[in-house]
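Colleague: The structure follows.
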Amino acid sequence: MHSAQQEDPLAASKHFPPFWNGLPDPNVLRWAAICAASVEWLCGQDEIPCPSWVHNDAHCLPEPWFDSPGAYKPQVRERLVHETPEPFAGRNIFCGNRVFANKYAFAADYQQFATAHSAATSALF
């Protein structure tokens with residue numbers, strides 16, 4: 001898990017690339033965290049090693065960020081906390097488990113299910 005708490009925010013600047021000249025804009029930090037989480041998640045899906053920069057504590061948001069319609073509702077936030085994959089949740093990004101939902105993979109899986117279900121139903125009659 002990544003460290004989200006830091007005592008001195010300026011001490012964190014040593015973790016950022018030199019071209020940032022200190023602490024980045026909050027939107028830049030958010031994108032950096034999303035990129036690091038995405039790379040870690042995608043590497044995990046293909047079981048390949050992550051690049052070392054992914055584990056830099058600078059790629060963790062200092063405050064939780066809930067990104068979903070209705071995220072202002074406590075029940076939506078609770079669902080996001082439970083469903084968000086670790087590479088995102090560990091960086092304080094709560095976006096649910098459909099970040100990389102692939103409509104083509106879903107369609108193929110559904111087609112297989114429908115075909116199997118149809119064959120099983122036909123066998124009953």
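FYI, it's all coordinate maths here, none of it is from the lab. Being a predicted model, the structure only gives us computed values, none of them experimental. Every residue, glycine as well, gets a Cβ built from its backbone with ideal geometry; the counts of neighbours run over all protein chains shown.
Colleague: Residue separation times 0.36 nm, minus the C-alpha to C-alpha distance between Asn56 and Glu86: what's the value?
Modeller: Extending this stretch completely gives an extra 9.3 nm.
Colleague: Once fully extended, how much extra length lies between Val39 and Asn27, figured as 0.36 nm per residue of separation less the alpha-carbon to alpha-carbon distance?
Modeller: Details: separation 12, 0.36 × 12 = 4.32 nm, distance 1.84 nm.
Taking 0.36 nm per residue and subtracting the Cα distance, the gain is 2.5 nm.
Colleague: Here's something else I'd like to know. Got a sec to turn the phi values of the stretch 81-91 into Karplus ³J(HN,Hα) couplings, 6.51 cos²θ - 1.76 cosθ + 1.60 with θ = phi - 60°, whole Hz, x for Gly and Pro?
Modeller: Computed from phi, the couplings for the stretch 81-91 are 4, 6, 9, 5, x, 3, x, 8, 4, x, 10 Hz.
Colleague: Right, next: Give a residue-ordered list of calculated ³J(HN,Hα) values for the stretch 25-31 (Karplus: 6.51 cos²θ - 1.76 cosθ + 1.60, θ = phi - 60°; whole Hz; x for Gly, Pro).
Modeller: Values, residue by residue: 4, x, 5, 5, 4, 4, 5 Hz.
Colleague: Using label points projected 7 Å from each Cα along Cα→Cβ, tell me how many nm separate Arg77 and Glu47, to one decimal.
Modeller: About 3.9 nm, to one decimal.
Colleague: Follow-up question, since we're still on this one. Between Phe100 and Ala114, what length comes free when the chain is fully extended (0.36 nm per residue of separation minus the Cα-Cα distance, one decimal in nm)?
Modeller: Length gained between Phe100 and Ala114: 2.7 nm.
Colleague: Could you sort the peptides 71-78, 34-41 by per-residue average Cβ neighbour count (10 Å cutoff), highest mean leading? It would help to have the intermediate numbers written out before the result.
Modeller: Values: 71-78: 12.0, 34-41: 19.4.
Listed from highest to lowest mean packing, they are 34-41, 71-78.
Colleague: How much net charge surrounds Ile93 when only the other residues with a Cβ under 13 Å from the Cβ of Ile93 are counted, with Lys and Arg +1 and Asp and Glu -1?
Modeller: In short, -2.
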